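> Just passing along the structure, written as structure tokens.
The numbers here are math on the coordinates, done by the rules we state, and not lab data. The shown structure was predicted, so the numbers you read here are calculated from the model rather than taken from an experiment. Backbone-built Cβ (ideal geometry, glycine too); neighbour counts: all protein chains shown.
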Amino acid sequence: MTRVEEKARVVVLISGSGSNLQSLIDASRERGSPYLIDHVISNRPGAGGLERAHKAGIAHTTLDHKDFPDRASFETALGTCIDARSPDIVVCAGFMRVLTEPFVSHYQGRMINIHPSLLPSFRGLNTHARALDAGVAFAGCSVHWVSVGVDEGAIIGQAIVPVLPGDTPESLAQRVLEQEHRLYPACLNLVASGRAILREGRTFLDGKPSTLGLWPIGGG
Ligand code: GRF
């Protein structure tokens, strides 16, 4: 996906504090990074990630979904804003809006998302509480291509987080978030360099059906 003598251009969609955005910004500044973040769009005014973009000198826009009469008109405005930057990749980083089929189809194979569970388990909200209720030994996070079903697209990479005795949804969320900050830049590097592509509903890494797997550093 890297253009000749040029980095892949990325637009990041956020709704919240933007700690994942920060990890992507930091990684984009490492030597040899295959992407640059061109623009950040938030659907929530005052989202912490907007301040992070501002501090990093990245152009940003707020498109408040509440200013639109319905989902379709919001998505039309969002798509116009994204396409004005001609990005190679659209990255959802804590972007809390369900996206409909026409929007998702338009960006198929070039829009990715992070979800704080080991997909396909625990799609949707309250993931950590549901994982603890289920008594799993391992939690984690997944980066996947965005498809029409929520948190359903083909997986690009996953990182494992052991569940510890006495974990609460909050303590587990914190340790998973640390792994999100390792996993997302690693996956975006693969997509931006063209090493990871979506083909026939699966991720191909270096030409073979495969998924990046990250183990915890230092035992969790
Ligand atoms: C992350 O856990 C992400 O996986 C989830 O929402 C959280 C967003 O965190 N969808 P941040 O805004 O990147 O700090």
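> Classify segment 114-192 from the C-alpha gyration tensor, please: rounded if a/c falls under 1.5, else prolate or oblate depending on whether a/b exceeds b/c.
Oblate.
> May I have the convex hull volume per residue, in Å³, for the Cα set of the chain?
129 Å³
> So which aspartates and glutamates can LYS55 reach, going by Cα to Cα under 13 Å and dropping same-chain residues fewer than 8 places off?
Cα-Cα hits under 13 Å: ASP26.
> Anyone know which of ASP151, ASP83, ASP70 comes out most mobile in the 10 Å Cα GNM of the chain?
Residue with maximal mean-square fluctuation among ASP151, ASP83, ASP70: ASP70.
> Follow-up. Between ASN126, ASN189, ASN113, where does the largest GNM mean-square fluctuation fall for the chain, given springs only between Cα atoms within less than 10 Å?
Per the Cα network of the chain with a 10 Å cutoff, ASN126 tops the list.
> Another question, if that's okay. Please find, in a Gaussian network model of the chain (springs between Cα atoms separated by less than 10 Å), the residue of VAL150, VAL40, VAL176 whose mean-square fluctuation is greatest.
Result: VAL150 has the largest fluctuation of those listed.
> Show the residues, 5+ positions off or on another chain, whose built amide H is closer than 5 Å to the amide H of TYR35.
Here ALA8 satisfy the definition.
> Going by how many other Cβ atoms sit within 10 Å of their own, how do ILE197, ILE41 line up, fewest first?
Least to most surrounded, the residues fall as ILE197, ILE41.
> Moving on to the next point. So how do LYS208, LYS7, LYS55 line up by other beta-carbon neighbours within 10 Å, fewest first?
Neighbour counts put them in this order, fewest first: LYS208, LYS55, LYS7.
> Along each principal axis of its Cα atoms, how long is segment 23-93 end to end? Whole angstroms, biggest number first, please.
Here the spans come out as 44, 25, 16 Å, largest first.
> A follow-up question, please. Take ARG97, ARG199, ARG31 and order them by how many other Cβ atoms sit within 10 Å, fewest up front.
Going from sparsest to densest Cβ surroundings: ARG31, ARG199, ARG97.
> Right, something else. What number, rounded to the nearest 500 deg cm²/dmol, is the helix-based mean residue ellipticity at 222 nm of the chain, given -39500 (n - 2.57) per DSSP H run of at least four residues and division by all its residues?
Counting only the DSSP helices, I get -9500 deg cm²/dmol.
> Now a separate question. Give me D for segment 1-131 in µm² s⁻¹, whole number, from Stokes-Einstein with Rh from the Kirkwood sum over alpha-carbon pairs, 37 °C and 0.692 mPa s.
Result for D is 212 µm²/s.
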